[in-house]
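The structure appears right after this line, and notes come after that.
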Amino acid sequence: MDHFLNENAGSLKEKVVILDFGGQYSMLIARRVREAGVYCELLPYNTSWEVIEELQPAGIILSGSPASVNQDNAPGCDKRVFDGGIPILGICYGMHLLTKELGGDVSRGKRSEFGRTSFEIVEKEPLFSDETFLAPESCSAWMSHQDEVSALPEGFKVLARTENMTLAAIGDEERKIYGLQFHPEVFHTPGGSDVLRKFLFNVCNCEKTWTPRSFVDDAVSKIREVVGEKDKVVCALSGGVDSSVVAFLLDKALKDRAVFIFVDHGLLRLDEAEQVVKLYSEKLQGQFIHVNAVDRFLEALAGVTDPEEKRRIIGAEFIKVFKEKALSMGDITYLAQGTIYPDVIESGTVNGAAVIKSHHNVGGLPEELGFDLIEPLRELFKDEVRLVGAELGLPDNILKRQPFPGPGLAVRIIGDITAEKLFLLQKADYIFREELDKAELNEDMWQYFAVLTDVQVVGVKGDDRHYGPVIALRAVVSEDAMTADWARLPYDLLDRTSLRITGEIPDVARVVYDITSKPPGTIEWE
Ligand code: XMP
């Protein structure tokens, strides 16, 4: 099936290649390009010219890097990049690299520039415009460098320079090769997105072809092409954004040749399983199978207190249940999975071609299932997955669903898991979420949930002393879950939630609010 990969690698003509030299903002460059409506791929810096050429990029962007071009073994790219006739934009290290490769010089600057730096535009076209920076004579941009261009390659002109006379932007109009000392992709460079757009549309003549609509049309035809006229595809549904978008795409492409399996492990939030069943059985034209495996999971988890052991058991049980059901369906060839672009980049399986199908399994169901994989979201960032979901008509409660761990509430019940504890936590969690939603704070939060601790404390109910568990509330703000800050929720919201939880769930003796950020804490308690 690899023919699919080769034949379609160039199907999206208006694409840009970003060569990643290990800069901390490389993924951000890719997101900015996509936001501008141009498809791009982030490839390792040493990708061969053959692979790049096959993609027929309209432009090539060279990213930043923690390295210096003057150090031993400085990362370089295939030299044919510079004489392939394709427009190039080098950012920071990328600018230094193209300078050296084309005969100029780079040296350690007298002063390093870190942070916001002003610069003056010497030549407006083709990268700058009056709209780009509010005060065109004095622009500010984010810089982070020690090296600087000390001699221009032949044919290059200065387009902008900083107060220290560092070259902030250079270019060779003839060869359409440009370099920026600053980072246009970061938030701290106010006109940065405009500079990138000018490169994409003025220099590379890109068209805005990357839209949710075009992605859906393209993905649907690719799925049909890969799967053919007869084969069937199975897809595991979890109720999360990624698997839901995959399901709706498959459904659009294959109708009744798509089989959707929802393994209900009983560890979802209150009423969530019912909502998933209702939504998918109503909306999907393919075959929707709801496997109620709650008792099986509870039995497998009985008495287990170690968090990693819980995760292992849930993962293994999930595969067992899914496998039994999928194999019982008989004639299925493909398994569809919701792998997204950051997973692909992190797993190092980027191979220089936009694929929706791969034999690599990026963490998910194992190859032993014997199905070929289809991964229609391999090209998308998370925010793009949501836009595609909206295009496909998915409801907001799925698209805006907060991240939810695969092992579900099992890692939010400290200690062993029983059906009673599960129900108690579901109720407390529901109350907290309801209060936070009512206060319209939900969209500000990364995650917000309740945890059932294994601590029994004393309380007073009526005239009696009463021992019961402690419920912990957790709400965090975060960009990407790598770090997180505990949310400064209003006291009256916390008060209402606490009163409701202790009032509506008599067993609960106490409610506490977790004020630990990550690091040193983690978002989940287990
Ligand atoms: P931590 O607790 O490590 O969580 O700060 C970071 C993010 O990952 C989620 N998480 C998980 N997701 N399986 C998952 O699919 C897991 O075992 C798991 N553990 C944590 C967590 O909800 C947060 O968004």
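Please find, within region 192-228, the residue that is farthest from Ala247 (Cα to Cα) out of those that are assigned to a helix (DSSP H, G or I) and open to solvent by 60 Å² or more (accessible area, probe 1.4 Å). Applying the filter and picking the extreme gives Asn202.
Number of residues in region 301-346 that are in a helix (DSSP H, G or I), more than 26 Å from Val385 (Cβ to Cβ) and in contact (Cβ under 8 Å) with a residue 60 or more places away in the chain equals 3. Among the numbered conditions (1) open to solvent by less than 40 Å² (accessible area, probe 1.4 Å); (2) modelled with pLDDT under 95, the only one that Gln275 does not meet is (1).
Within region 71-109, can you find the residues that are open to solvent by 40 Å² or more (accessible area, probe 1.4 Å), modelled with pLDDT under 95 and touching a Ser or Thr at 6+ places or on another chain (Cβ under 9 Å)? Within region 71-109, Ser107, Arg108 qualify. Those residues that are in contact with a Pro (Cβ under 9 Å, 6 or more places away or on another chain) and among the β-branched types (Val, Ile, Thr), I need them from region 477-526; list them, please. Thr483, Val508, Ile523 - these are the residues of region 477-526 that are in contact with a Pro (Cβ under 9 Å, 6 or more places away or on another chain) and among the β-branched types (Val, Ile, Thr). When only residues in region 188-211 that are among the aromatic types (Phe, Trp, Tyr) and farther than 26 Å from Ser68 by Cβ count, which is modelled with the highest pLDDT? The extreme case among them is Phe201.
Look at region 213-237: where a residue is in the same structural domain as Tyr280 (by TED's automatic domain parsing) and a partner is open to solvent by 40 Å² or more (accessible area, probe 1.4 Å) and among the hydroxyl-bearing types (Ser, Thr, Tyr), sitting 6+ places away or on another chain with Cβ atoms under 6 Å, you get Asp231/Thr333. Please verify whether Glu185 is modelled with pLDDT under 95 and either surrounded by 15 or more Cβ atoms within 10 Å (Cβ to Cβ) or among the hydroxyl-bearing types (Ser, Thr, Tyr) (or both), treating the condition exactly as stated. It is true that Glu185 is modelled with pLDDT under 95 and either surrounded by 15 or more Cβ atoms within 10 Å (Cβ to Cβ) or among the hydroxyl-bearing types (Ser, Thr, Tyr) (or both). The condition of being in contact with a Phe, Trp or Tyr (Cβ under 6 Å, 6 or more places away or on another chain) and either open to solvent by 10 Å² or more (accessible area, probe 1.4 Å) or not small (Gly, Ala, Ser) (or both) holds for only one of Phe288, Phe248, that being Phe288.
The single condition among (1) under 28 Å from Arg312 (Cα atoms); (2) crowded, with 18+ Cβ neighbours inside 10 Å that Arg386 does not satisfy is (1).
Among residues belonging to region 420-432 that are in contact (Cβ under 8 Å) with a residue 24 or more places away in the chain and open to solvent by 40 Å² or more (accessible area, probe 1.4 Å), point out the one that is nearest to Ala475 (Cα to Cα).
Tyr430
Every test in (1) buried (at least 16 other Cβ atoms within 10 Å of the Cβ); (2) away from the ligand (no atom under 16 Å from the Cβ) is passed by Asp495 save one, and that test is (1).
Tell me the residue from Ile431, Ile413 that is within 16 Å of Ile501 (Cβ to Cβ) and within 16 Å of the ligand (Cβ to nearest atom), please. Of the residues listed, the single one that is within 16 Å of Ile501 (Cβ to Cβ) and within 16 Å of the ligand (Cβ to nearest atom) is Ile413.
Whenever a residue of region 392-409 is open to solvent by less than 40 Å² (accessible area, probe 1.4 Å) and at pLDDT 90 or above, its partners that are within 9 Å of the ligand (Cβ to nearest atom) and not in a helix (DSSP H, G or I), lying with C-beta atoms within less than 6 angstrom and at least six residues away or across chains, give the pairs Gln402/Gln447.
Exactly one residue out of Pro469, Pro506, Pro490 is open to solvent by 50 Å² or more (accessible area, probe 1.4 Å), closer than 21 Å to Ile413 by Cα, in the same structural domain as Ile431 (by TED's automatic domain parsing) and more than 16 Å from the ligand (Cβ to nearest atom), and it is Pro506.
In region 7-107, counting only helices (runs of 4 or more DSSP H) that sit wholly within it, the ones holding 3 or more residues that are more than 23 Å from Ser150 (Cβ to Cβ) span 26-35, 49-54.
The values are calculated or read from the model by the stated rules, or taken from the named source; none is laboratory data. The shown structure was predicted, so the numbers you read here are calculated from the model rather than taken from an experiment. Glycine also receives a Cβ, built like all others from the backbone with ideal geometry; neighbour counts cover every protein chain displayed. The area values use the complete protein model at the heavy-atom level, side chains included, leaving out ligands, DNA and RNA. Shrake-Rupley method; radii C 1.70, N 1.55, O 1.52, S 1.80 Å.
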